[in-house]
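Read the structure below first, then the notes.
The values are calculated or read from the model by the stated rules, or taken from the named source; none is laboratory data. The structure presented is a predicted model; accordingly, all values stated were derived computationally and were not measured. Counting neighbours? That spans all protein chains shown, and the Cβs are built from the backbone with ideal geometry, glycine included.
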Amino acid sequence: MMPSDSAVQFDSSGRLRHFLTINGLPRETLTGILDTAESFMSFGQREIRKVPLLRGRTVVNLFFEASTRTRTTFEIAAKRLSADVINLNAARMSTSKGETILDTVRTLEAMHTDMFVVRDSASGAAHLIASHLPSHVRVINAGDGRHAHPTQAMLDMFTIRREKGGFDGLCVAIVGDVLHSRVARSQIHALSTLGVAEVRVIGPRTLIPTEIESMGVKVFADMAEGLSGADVVMMLRLQRERMEGQLVPSEQEYFSRYGLTEEKLRHAASDAIVMHPGPINRGLEIASSVADGERSVILSQVTNGIAVRMSIMATLMGGADGGEETG
Amino acid sequence: MMPSDSAVQFDSSGRLRHFLTINGLPRETLTGILDTAESFMSFGQREIRKVPLLRGRTVVNLFFEASTRTRTTFEIAAKRLSADVINLNAARMSTSKGETILDTVRTLEAMHTDMFVVRDSASGAAHLIASHLPSHVRVINAGDGRHAHPTQAMLDMFTIRREKGGFDGLCVAIVGDVLHSRVARSQIHALSTLGVAEVRVIGPRTLIPTEIESMGVKVFADMAEGLSGADVVMMLRLQRERMEGQLVPSEQEYFSRYGLTEEKLRHAASDAIVMHPGPINRGLEIASSVADGERSVILSQVTNGIAVRMSIMATLMGGADGGEETG
Amino acid sequence: MMPSDSAVQFDSSGRLRHFLTINGLPRETLTGILDTAESFMSFGQREIRKVPLLRGRTVVNLFFEASTRTRTTFEIAAKRLSADVINLNAARMSTSKGETILDTVRTLEAMHTDMFVVRDSASGAAHLIASHLPSHVRVINAGDGRHAHPTQAMLDMFTIRREKGGFDGLCVAIVGDVLHSRVARSQIHALSTLGVAEVRVIGPRTLIPTEIESMGVKVFADMAEGLSGADVVMMLRLQRERMEGQLVPSEQEYFSRYGLTEEKLRHAASDAIVMHPGPINRGLEIASSVADGERSVILSQVTNGIAVRMSIMATLMGGADGGEETG
C-alpha cells in the first residue's frame, strides 16, 4: 500500500523533507535537529528574536483535531522564523462543503504554500497528505491518532540532553496510559535511537499494549519497582474519558497507584527530572507539589518546544530549493 | 436609491477605488488587472515572495458568510503584499451585540484600516458598505448573494488568457446552476467585455434564469449540443441543498445529464480546457477522471487566484494617496 | 490576600509594568501615556504606519470573554508596533482540556511571550494573572468583570484632552448603567486623577451603586439637571439583558428618560461633546441623530483607541530590559 514513513521522509538525495515519525530516522538526523535547536535557544531570550530563514514562506497550520496549545507553539515558531502563518480549523472547512481532505490540501498547495503542520485524529493522516503533495512541499506531523507525535518527542529529547548532558547510561521511565499515547511511541523510538541504557514503561496492564516489549522496553505494573533508580520520569496525560470505560477504576485509585507524588518519586534517582507533555491533570496523573517542584522541567519543555520546532521547520526548508543548511 | 455599481467603483478622477462588480468596467480596466497579475506570477515561485506594496496597510477580511477557502486566498495575497491582515467572523460580531453592519464597518474604518474584503449572503452588501465609507477606504466584493463574485471571474479570465493566449474567437460554455450562481454572472460580464466570440450556458431549465439571453448568451439544455466545439468549459458548483427542493431530480440523474465526464467532454474542442471555481463535488457536477485529467486547469485557477487578488489589491491601493501605479 | 493593584502595577524601581487599573496611578503616569499616544497619532494617517518598537515581541490576546471589537483594536495596535500577535479564544482552550487558567498562562509564558492582553468576566482576573507571572512579562487588563476597563478610560481621557485642550474646569457627566459598568469606574478614577472640576453620574436609582458618592461624584436621577452645563457627556452602553430583570422598565421608557436626544443635549454646554465606548444601541441609550451628529466624537474615540493602546504597550515594554522610553 503506502510506502513506509522512512521512505517518504527523505528525498532522492537523502535529505529530510518531511517529519512524520521518529521511527527509522538515523541518530545523526536526530542529533542534527537537536544541535540546530540549541542555536535557536538564544532567540528565546529577551532580545531580538526573529530570524529571516523562512521569510516569504507560508506555513499552514492544518488542525483537523483541536489543540490550541500545540498550534500556538507552531505558530510562534514559524513567526520567529519570519514565515507567514495561516491557521485553518480544517474540520470546519472540509465537512461544511463536503470536500475531501486531499482536495483541501491540494488546493492549499496550489496557493503556493510551503509547509503543512498537520494534526488529525486518524493515524497516518500526515503520511497520506505528504504522499500526495508535490516534492517541494514539506509536512510536519503534529500528532496523528495513536501513531506518532514526533515533534513532542524531539523536544523531550532536547530537554533531557540539556538537563542530563547526554543520553549515555540513562534509565528513563515512561508512566501512564501508553496504550493510547502517540507521545509514548515517539519517545520510545527516539530514546532507543539516541542510545539510552534502559527504557521502562509503567502503568496498569489495561493501558500497556501487549506488543510493547518487542520495542525493547521493560514493563512494570508497580511504580516503586519501575521508578527505582530512574534518571528521567516521563509522565503521560491520562484522558479523563478513560474513566468512563473499564480501563481505569476511578480517579482516586489511579492517582493512588500511578499518580506521581513526592513519596513515589523518592524511588527514582536523587537527581531525577520529571517531565510531562501537558496539559497536566493535577491530582490525577501528577501531584501539584511534584508538577511545581524543583525536579519538574515541565515548563522548560514548553520553552524548548519553540526552539525544537523552529529547528525542524528550518531543517526541512533548508533542504528545499537546494538552499543552505541551517545550523 | 443607490448609485450604480460602476459609478461607485471609480473616484472623481476616474480611478478604480472599489472592486464590486465586473458589470460596467471598461476592457482596459480588466486588461490592466490581468497584466499586473502577470507581473506577480513570479512571486508565487519558490523564491522570495514578499513585495512591500501594502506595507503598513491593514486589510480586513469581513466575512459575514463562512468561506475558509476564499478568505485564505485573500489572506495570503494581502500578506504577500506585506499588509497586516485582520480576520473577522463578522456574523458572530454583529449579531452577538446587536450592532448594525454599517456601525461595525464605520468602527473598523475608524481604526484606520485601509481595505475591506467583504463576503455576504445578501446581494449588494459590498456596495452598501462602499457607499458609506470615506473615500480613501477600498472595498473588494468577495461574493454577495447571487449578485457577483468579480475576483473569481477575474482569475478565471487570467487562466483563460494564459491557457489560450487571448480571448479572440473563443467559444466558452458555462455549465450548471446558473440561476443561483454569482460566479456565472460575473463570468458572463467579463467574457463579454473581453470580447470572446460566443458565450453559452448549459443546464436544466429550472437552473437557468429566464432573462439570461438578454445578457447575450445562448442557452442549451443538452450537454452534447452546448459543449459542441467549445474551447473553454467552465463548470459551476452545484449546492447539494438544491436536491432537497424540486429544482434537481437526484444526484444520479443530474450527473447523468450534466456531470462532466470524459465522454461528454469529447464534444468540446480537442484542446478545450476544463475549469471549476471549487470546491468540486466529485461525481455530482464533474467526474474525478476529468477533474484530475490533463484538460483540467482547476488547480492553476487556485494558483492564479493569488496573483489576481494581489493585482486587484495593489491596483485599488495604488490609486490611493496619489501613490504610484503598480504594473 | 492579593497585594493591591497599585503595588502590582509597578516594579521595584517604580516603573509601570502592568496596566490593570487607573485607581492609584499618579497623574504623571496618566499624562505620560497620553503624551506618548499623541506621538503615535501621525502613524494613523495614510502613510507608513509601522514602528519597530515591539519587533520580535509576542503579544497574546487572551480573551476569556468574547469581544471582537476590543480584541481587534489591540491586534491592530500591536501589529503597528511590529509585534507578532497570537489570538486565543481562551475559554475554549481552558475548558476543553480542564487546564486551570494559571497553568494556561504559565505555559504561554514559557513560550517566551512578552505581553498578555486579558479580558475576563471575573473581576480581578488580570490582576491574578499578573501576580503569577515572572517579572519580565507584562499584563494589560482589557476588561475584568465589573471592576475596570482602564485602556477604554485612557482613550476617553485622550479624546477629552484633544477636544477640550485639557481637564481644568471641566464638568463631565456619565450617563446610564453605572452599576454594571467597568468603564464608568475607570473613567471616574481617571477624571479625578487628571483634575476635572466636577464628575456627575446620571441614571435610574436601580443602576447607580449606592457607594458611588464616596468616589467624589454627584448623583442625578434627572437628565435635565444632570446634563445642565456639562462640557462632556459620556454615555454608557445598556445591556439589553437588563430589560429582562426588574432594573429597567422597558426600552421605550428607558429611552424616554435617559436616552440622549438632541432635546436633552440642549441642557449641556453649547460646545459639549458626546462620547460612547461602543457598540452603541441606537434608540436605546442614544438617538441616531446624536450619535451621528456634530457633537459626537464616538468614531474619534475608536481612532484614538489605537494610538492609546500603542502607547500603553510601548510604555510597559519600554520598562523591560532597561530599554529606552518611548515618547
Quiz prompt | Flag if C:PRO52 is within 14 Å of chain A (Cβ to nearest Cβ), more than 18 Å from C:GLY143 (Cα to Cα) and at pLDDT 90 or above | solution = yes
Quiz item: Mind checking which residues of segment A:225-234 are closer than 14 Å to A:THR261 by Cα and in a strand (DSSP E or B)?
Solution: A:VAL233, A:MET234
Practice problem: Please name all residue pairs, on different chains or six or more residues apart, with Cβ atoms under 8 Å, provided the first residue is in segment C:161-183 and is at positive phi and the second residue is crowded, with 19+ Cβ neighbours inside 10 Å and part of a loop (DSSP other than H, G, I, E, B). | Solution: C:GLY169/C:VAL196; C:GLY176/C:GLY203; C:GLY176/C:LEU236; C:GLY176/C:ARG237; C:GLY176/C:LEU238; C:GLY176/C:GLU285
Quiz item: Among the listed residues A:LEU170, A:LEU155, which satisfies the condition of being at pLDDT 95 or above, over 29 Å from A:LEU53 (Cβ atoms) and assigned by TED's automatic domain parsing to the domain that holds A:HIS267?
Solution: A:LEU170
Quiz item: Is it true that A:GLU262 is away from chain C (no Cβ under 12 Å) and surrounded by fewer than 15 Cβ atoms within 10 Å (Cβ to Cβ)?
Solution: yes
Practice problem: Any chance you could count how many residues in segment B:230-262 are small (Gly, Ala, Ser) and within 24 Å of the chain's Cα centre (by Cα)? | Solution: 2
Quiz prompt | Verdict on A:ARG257 being among the charged types (D, E, K, R), away from chain C (no Cβ under 11 Å) and without any contact (Cβ under 8 Å) to a residue 24 or more places away in the chain | solution = no
Self-check item: Verdict on A:LEU133 being assigned by TED's automatic domain parsing to the domain that holds A:LEU62 and out of contact with any His (no Cβ under 8 Å at 6 or more places or on another chain)
Solution: yes
Self-check item: Candidates A:HIS189, A:HIS180, filtered to the one that is under 24 Å from A:PHE255 (Cβ atoms) and not hydrophobic (A, V, I, L, M, F, W, C)
Solution: A:HIS180
Self-check item: All strands (runs of 3 or more DSSP E) inside segment A:96-178 with 1 or more residues being within 14 Å of chain B (Cβ to nearest Cβ) and surrounded by 19 or more Cβ atoms within 10 Å (Cβ to Cβ)
Solution: A:115-120, A:138-144
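Among C:VAL248, C:VAL297, which is touching a Leu at 6+ places or on another chain (Cβ under 8 Å) and either over 30 Å from C:ARG55 (Cβ atoms) or modelled with pLDDT of 95 or more (or both)?
Answer to the selection: C:VAL248.
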Practice problem: Would you be able to tell me the number of residues in segment C:132-155 that are farther than 16 Å from C:LEU16 by Cβ, touching a residue at least 40 places away in the same chain (Cβ under 8 Å) and out of contact with any strand residue (DSSP E or B) (no Cβ under 6 Å at 6 or more places or on another chain)? | Solution: 3
Self-check item: Residue satisfying condition, being in a loop (DSSP other than H, G, I, E, B), in the same structural domain as B:ALA287 (by TED's automatic domain parsing) and surrounded by 16 or more Cβ atoms within 10 Å (Cβ to Cβ), within set B:ARG242, B:ARG237, B:ARG200
Solution: B:ARG237
Quiz prompt | Of all residues in segment C:58-85 being among the hydroxyl-bearing types (Ser, Thr, Tyr) and either assigned to a helix (DSSP H, G or I) or within 7 Å of another protein chain (Cβ to nearest Cβ) (or both), the one that is nearest to A:ARG80 (Cα to Cα) | solution = C:THR58
Quiz item: Given (1) more than 14 Å from chain B (Cβ to nearest Cβ); (2) within 19 Å of the chain's Cα centre (by Cα); (3) aliphatic (A, V, I, L, M); (4) surrounded by fewer than 22 Cβ atoms within 10 Å (Cβ to Cβ), where does C:LEU299 come up short, assuming only one miss?
Solution: (1)
Exercise. Evaluate segment B:223-233: report whether one residue or more is surrounded by 20 or more Cβ atoms within 10 Å (Cβ to Cβ) and free of Cβ contacts under 8 Å to residues at least 40 places away in the same chain.
Key: no
Practice problem: Working carefully through the options C:ALA314, C:ALA320, C:ALA269, find the one that is out of contact with any strand residue (DSSP E or B) (no Cβ under 6 Å at 6 or more places or on another chain) and modelled with pLDDT under 95. | Solution: C:ALA320
